[in-house]
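Heads up, the thing below is written out as structure tokens.
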């Protein structure tokens, strides 16, 4: 399914564009609404930003419909980690939160694998 905003190809069951995050609906599923919520884009964290007095942002390593992933340094444990932030609208979506939790569980298994390893 093509994204109406950026034209990226997405899986048929996608609810959001994997490239720009735009909601995707087949034409028969489009709901008509008289009100619209203006979604604030995710504010990108700058390199050097310190989060929770524990993580220092190094760089963006990925972005898509499910948020932004950063490479960061865990200042206490002195190692690199990946930090992912979901867009606010997905935090209200139970299905998206469940997928995120499953993704976190999977990342714990491969944390020393090619995705997060950098010594």
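The values are calculated or read from the model by the stated rules, or taken from the named source; none is laboratory data. If you're wondering where the values come from, they're calculated on a predicted model, not measured in any experiment. For neighbour counting, all protein chains shown are included, and Cβ atoms are generated from backbone atoms with ideal geometry for every residue, glycine included.
Here is a check on your reading of the model: is residue 45 modelled with pLDDT of 80 or more and not in a loop (DSSP other than H, G, I, E, B)? Walk me through it before giving the result.
Numbers: modelled with pLDDT of 80 or more: yes; not in a loop (DSSP other than H, G, I, E, B): no.
Judged against the criteria, residue 45 is not a match.
Taking residue 103 as the residue in question, decide whether it is assigned to a helix (DSSP H, G or I) and at pLDDT 85 or above. Give the steps one after another, and end with the answer.
On the way: assigned to a helix (DSSP H, G or I): yes; at pLDDT 85 or above: no.
No; evaluated as a whole, the condition is false for this residue.
Test residue 78 against the stated conditions and say whether it is farther than 20 Å from residue 20 by Cβ, modelled with pLDDT of 90 or more and out of contact with any strand residue (DSSP E or B) (no Cβ under 8 Å at 6 or more places or on another chain). Outline the logic, then answer.
Details: farther than 20 Å from residue 20 by Cβ: yes; modelled with pLDDT of 90 or more: yes; out of contact with any strand residue (DSSP E or B) (no Cβ under 8 Å at 6 or more places or on another chain): yes.
Yes; evaluated as a whole, the condition is true for this residue.
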